[in-house]
Amino acid sequence: MKKYLILLMILFLSQMAFPKSVNIVFRLDDFRLVHDSVNEKIVHLFMKYRIPLVLGVIPCDDNENLKFDSTNYFLPYLRDRVHEGLIEIALHGLNHKKMTPFGEMKGLCLEEQFRRIKKGKTLLESIFNIPIVTYIPPWNSHDENTVTALKRNKIYIVSSSVYDIWLESVFYPMSLDDYNDLEPVIFNDKDFGGVIVVMLHSYDFILPSSMKECENVLVNIKKLPYVRFYTFKGIEADSIYVNNIQSDDQIKQNLLSKIMRTKGYYIPVDVHYIIQILNALIYLIIFFMSYLIVQMFILKKHKHNLYQYEILFFCASIVVLSTWYYLWGPLKLLLIDVLLAISLTVVFRFFKLYDTSVQFKIKKK
């Protein structure tokens with residue numbers, strides 16, 4: 001047992017010793033191809049520091065007419081940055097109109113979803129003269145028809161909410177919706193490497209100070225040697241992926257993740273498993289420590305017998321499985337862990353499942 005613990009600690013420390021790259025994607029949603037001074041300032045800010053930016057573009061108005069101002073001076077600049085690879089254009093629905101109680105697409109028939117996606121994609125491709133391969137679902141909702149419609153339209157990358165998991169596509173869920181949270185998240189988890197997707201909207205920059213605050217964040221993280229910036233196309237091209245295991249980890253935080261504050265950070269799967277194993281060991285240690293402390297007061301000097309060892313092993317297995325499969329939240333599991341240890345000693349005492357020989361010998365100085 002000691003050997004296995006040492007091996008796990010070596011693996012864990014090896015991850016800590018060699019910092020991995022932190023991969024960041026900034027996503028600006030609800031972008032329209034008309035003059036908008038706030039959106040334009042946001043784009044200029046990111047381009048000033050040559051930090052890639054994904055624009056979730058809504059091509060049409062409520063009547064499905066192209067919302068596009070060909071005389072807008074900003075569009076040629078936007079096209080140049082797109083072809084330079086600093087900006088990626090993603091389809092954010094056809095018109096972002098709520099067609100069903102779930103959103104724009106979910107609940108519509110396949111033919112209608114295919115039509116809406118195809119029309120939006122075709123319009124954006126005609127404006128920017130590049131293939132559109134990324135989709136950001138309005139209201140973070142989809143169904144099987146959405147998946148099929150995207151595949152038929154050759155859109156293979158999706159960025160949605162962590163609660164709207166896409167197993168059928170290359171999936172990069174949003175992890176932060178406030179740029180002010182970015183620096184603490186990076187500093188807390190920089191040793192593990194992973195993916196951070198930051199969602200932005202123009203209304204995040206309503207306050208006069210917002211643009212300056214965001215610039216300070218960009219300046220600070222730009223200096224960090226382990227930080228890399230991507231578009232979704234770029235991060236996929238470098239084979240850096242997020243899967244359902246990492247998404248589950250964001251939804252169901254364990255105790256160790258809570259201590260390390262990894263919320264909003266999609267750590268690699270191998271690191272995830274190391275954290276999961278260590279997390280199970282933490283709960284096991286807490287369980288046995290609680291049991292040993294309480295038994296000194298309830299069982300006192302009574303020695304364990306075979307029945308107790310069997311029951312203890314069974315309860316320890318329950319602790320490990322409930323930790324591994326996130327059956328309860330981290331704090332609730334901690335409480336159950338301690339209560340289980342206490343109740344065991346009470347049960348052993350009540351049913352007299354112990355031997356009468358002395359377990360502990362206290363040496364007097």
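The values are calculated or read from the model by the stated rules, or taken from the named source; none is laboratory data. Given the structure is predicted, the values throughout are model-derived calculations rather than measurements. Reconstructed Cβ throughout: ideal geometry from the backbone, glycine too, with neighbour counts over all protein chains shown.
Tally up the residues in segment 297-324 that are of a type in the set (Phe, Trp, Tyr) and either in contact with an Asp or Glu (Cβ under 8 Å, 6 or more places away or on another chain) or modelled with pLDDT of 85 or more (or both), please. Lay out the reasoning, then the answer.
First, the residues of segment 297-324 that are of a type in the set (Phe, Trp, Tyr): 297, 307, 309, 313-314, 324.
Narrowing the set further to residues that are either in contact with an Asp or Glu (Cβ under 8 Å, 6 or more places away or on another chain) or modelled with pLDDT of 85 or more (or both) leaves 313-314, 324.
Of the residues in that region, 3 qualify.
What are the pairs with Cβ atoms under 6 angstrom where one residue, in segment 167-183, is among the polar types (S, T, N, Q) and the other, located anywhere, is outside any loop (DSSP other than H, G, I, E, B) and crowded, with 21+ Cβ neighbours inside 10 Å? Sequence gap at least six, or different chains.
Ser169/Val158; Ser175/Ile196; Ser175/Val197
From (1) in contact with a Lys or Arg (Cβ under 8 Å, 6 or more places away or on another chain); (2) on the phi < 0 side of the Ramachandran plot, pick out the condition that doesn't hold for Asp248.
If we test Asp248 against (1) in contact with a Lys or Arg (Cβ under 8 Å, 6 or more places away or on another chain); (2) on the phi < 0 side of the Ramachandran plot, just (1) comes out false.
Say whether the condition of being touching a Lys or Arg at 6+ places or on another chain (Cβ under 6 Å), in a helix (DSSP H, G or I) and either of a type outside the set (S, T, N, Q) or at pLDDT 80 or above (or both) is met by at least one residue in segment 337-345.
Within segment 337-345, none of the residues are touching a Lys or Arg at 6+ places or on another chain (Cβ under 6 Å), in a helix (DSSP H, G or I) and either of a type outside the set (S, T, N, Q) or at pLDDT 80 or above (or both).
Filtering segment 142-180 down to residues that are among the small types (Gly, Ala, Ser) and more than 30 Å from Met211 (Cα to Cα), which residue is modelled with the lowest pLDDT?
Ranking the candidates gives Ser169 first.
Go through segment 130-155 and count every residue that is under 22 Å from the mean Cα position of the chain (by Cα), without any contact (Cβ under 8 Å) to a residue 24 or more places away in the chain and in a loop (DSSP other than H, G, I, E, B).
Within segment 130-155, residues that are under 22 Å from the mean Cα position of the chain (by Cα), without any contact (Cβ under 8 Å) to a residue 24 or more places away in the chain and in a loop (DSSP other than H, G, I, E, B) number 0.
Checking the structure you have, find out if any residue of segment 217-230 is in contact (Cβ under 8 Å) with a residue 24 or more places away in the chain, over 30 Å from Leu333 (Cβ atoms), assigned to a loop (DSSP other than H, G, I, E, B) and in contact with a Pro (Cβ under 7 Å, 6 or more places away or on another chain).
Taking every residue of segment 217-230 in turn, at least one turns out to be in contact (Cβ under 8 Å) with a residue 24 or more places away in the chain, over 30 Å from Leu333 (Cβ atoms), assigned to a loop (DSSP other than H, G, I, E, B) and in contact with a Pro (Cβ under 7 Å, 6 or more places away or on another chain).
Need pairs with beta-carbon distance below 6 Å; first residue on the phi < 0 side of the Ramachandran plot and within segment 20-32, second of a type in the set (D, E, K, R) and at pLDDT 95 or above; sequence gap 6+ or separate chains.
Ser21/Arg228; Asn23/Arg228
When you check Val198 against the structure, is it under 25 Å from His44 (Cα atoms), in contact (Cβ under 8 Å) with a residue 12 or more places away in the chain and not acidic (Asp, Glu), yes or no?
In short, yes.
Kindly check whether there is at least one residue in segment 192-206 that is within 24 Å of Arg32 (Cβ to Cβ), of a type outside the set (D, E, K, R) and modelled with pLDDT under 95.
yes
Asp80 is checked against (1) surrounded by fewer than 16 Cβ atoms within 10 Å (Cβ to Cβ); (2) at pLDDT 95 or above; (3) touching a helix residue (DSSP H, G or I) at 6+ places or on another chain (Cβ under 8 Å); (4) not polar (S, T, N, Q) and fails just one. What number does that condition carry?
Unmet for Asp80, out of (1) surrounded by fewer than 16 Cβ atoms within 10 Å (Cβ to Cβ); (2) at pLDDT 95 or above; (3) touching a helix residue (DSSP H, G or I) at 6+ places or on another chain (Cβ under 8 Å); (4) not polar (S, T, N, Q): (3).
Of the numbered conditions (1) out of contact with any Leu (no Cβ under 9 Å at 6 or more places or on another chain); (2) over 25 Å from Tyr241 (Cβ atoms), Thr100 fails exactly one; give the number of that condition.
So Thr100 meets the others, but not (1).
For Ser257, are the conditions met, namely being in a loop (DSSP other than H, G, I, E, B) and of a type in the set (Gly, Ala, Ser)?
Taking the combined requirement at face value, the residue does not satisfy it.
Here's the yes/no breakdown for (1) without any contact (Cβ under 8 Å) to a residue 24 or more places away in the chain; (2) in a strand (DSSP E or B):
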{"residue": "Ile42", "(1), (2)": "no, no"}
{"residue": "Met47", "(1), (2)": "no, no"}
{"residue": "Arg50", "(1), (2)": "no, no"}
{"residue": "Gly56", "(1), (2)": "no, yes"}
{"residue": "Glu64", "(1), (2)": "no, no"}
{"residue": "Thr71", "(1), (2)": "yes, no"}
{"residue": "Leu78", "(1), (2)": "no, no"}
{"residue": "Arg81", "(1), (2)": "no, no"}
{"residue": "Ile89", "(1), (2)": "no, yes"}
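Counting just the residues of segment 320-336 that are not hydrophobic (A, V, I, L, M, F, W, C) and not in a helix (DSSP H, G or I), which one comes out surrounded by the most Cβ atoms within 10 Å (Cβ to Cβ)?
Tyr326
Say whether the condition of being out of contact with any helix residue (DSSP H, G or I) (no Cβ under 7 Å at 6 or more places or on another chain) and either under 24 Å from Lys252 (Cα atoms) or part of a loop (DSSP other than H, G, I, E, B) (or both) is met by at least one residue in segment 115-126.
no
Looking at segment 24-41 only, could you name the residues that are out of contact with any Leu (no Cβ under 6 Å at 6 or more places or on another chain) and surrounded by 16 or more Cβ atoms within 10 Å (Cβ to Cβ)?
Across segment 24-41, the qualifying residues are Ile24, Val25, Arg27, Asp29, Asp30, Arg32, Leu33, Asp36, Asn39, Glu40.
Among Ile186, Ile196, which is the only one that is touching a strand residue (DSSP E or B) at 6+ places or on another chain (Cβ under 6 Å), in a helix (DSSP H, G or I) and under 27 Å from Ser21 (Cβ atoms)? Walk me through how you get there before you give the answer.
Working: Ile196 fails: in a helix (DSSP H, G or I).
Of Ile186, Ile196, the one residue that is touching a strand residue (DSSP E or B) at 6+ places or on another chain (Cβ under 6 Å), in a helix (DSSP H, G or I) and under 27 Å from Ser21 (Cβ atoms) is Ile186.
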